[in-house]
1. With the checklist (1) touching a helix residue (DSSP H, G or I) at 6+ places or on another chain (Cβ under 8 Å); (2) not in a loop (DSSP other than H, G, I, E, B) in hand, flag the one item residue 230 doesn't pass.
2. How many residues does segment 155-182 contain that are under 11 Å from residue 127 (Cβ atoms) and part of a strand (DSSP E or B)?
3. Across segment 237-254, which residue is surrounded by the most Cβ atoms within 10 Å (Cβ to Cβ) among those that are modelled with pLDDT under 90, touching a strand residue (DSSP E or B) at 6+ places or on another chain (Cβ under 9 Å) and outside any loop (DSSP other than H, G, I, E, B)?
4. Identify, by number, the condition in (1) modelled with pLDDT of 95 or more; (2) within 22 Å of residue 249 (Cβ to Cβ) that residue 206 doesn't meet.
5. Those residues that are part of a loop (DSSP other than H, G, I, E, B) and surrounded by 17 or more Cβ atoms within 10 Å (Cβ to Cβ), I need them from segment 261-279; list them, please.
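The values are calculated or read from the model by the stated rules, or taken from the named source; none is laboratory data. Because the structure is predicted, anything quoted here is derived from the model rather than measured. Here Cβ is always computed from backbone atoms with ideal geometry, including for glycine, and neighbour counts include all displayed protein chains.
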């Protein structure tokens, strides 16, 4: 973990403000839908409840794509069992107008996933995620289908195929040790690593630059984390805490950083099917 002199409080505050500002746009930096400015499919809908919108594709896939689908989940970050898959999308389309029938409820992730030849679906399969315009959050925008007569429209997503991640058996591993009692309002924690973060240039990573560990259950005293990774150089890793029913915010990043949950000093390169040692953390509540 990067250490800063306790005597220089101004430097510490400025550092964490800059770091947290950058991390605030971790999820917002990717190509994504931006609300009402984008076109919406015609009104001759074939569904009575769900989501409609447009996916716009650019670039070329990094490997042969055999399947592309809309995906959603009521949980964020989701496990694979939480994912609801939509109909297949032609792999070579530049624009796809969709309707996705979904039961009433709140969906905390809506996006597009792809699968290249010879692999199964996994978390790195996500290649585009929906964000509403000006949604100031570290998590993707929620979509709420109020009842069986609600269709949420203008859910538009941009996918740069050249930035799609390749699924492999690679992992980043390390440990997290917790000191003290977990706060009551925390539901779980995760370790997140990113391949793009430059504080000096305020370069912000996109969703496709991130990899997530499994959930760390509330009350844990230690955890051996494993992050399903994709090929690339990972340059920052952090522990983030989730609150039940709430989106992540800038305050969550600041809170975690001040308790030992941010490592900007350790970098490591991950190759296909390679296991790599990541940083270890000690979180002092």
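1. It fails just one condition, (2).
2. Qualifying residue count for the region: 4.
3. Here the answer is 253.
4. Result: residue 206 passes all but (1).
5. 261, 264, 266, 278, 279 - these are the residues of segment 261-279 that are part of a loop (DSSP other than H, G, I, E, B) and surrounded by 17 or more Cβ atoms within 10 Å (Cβ to Cβ).
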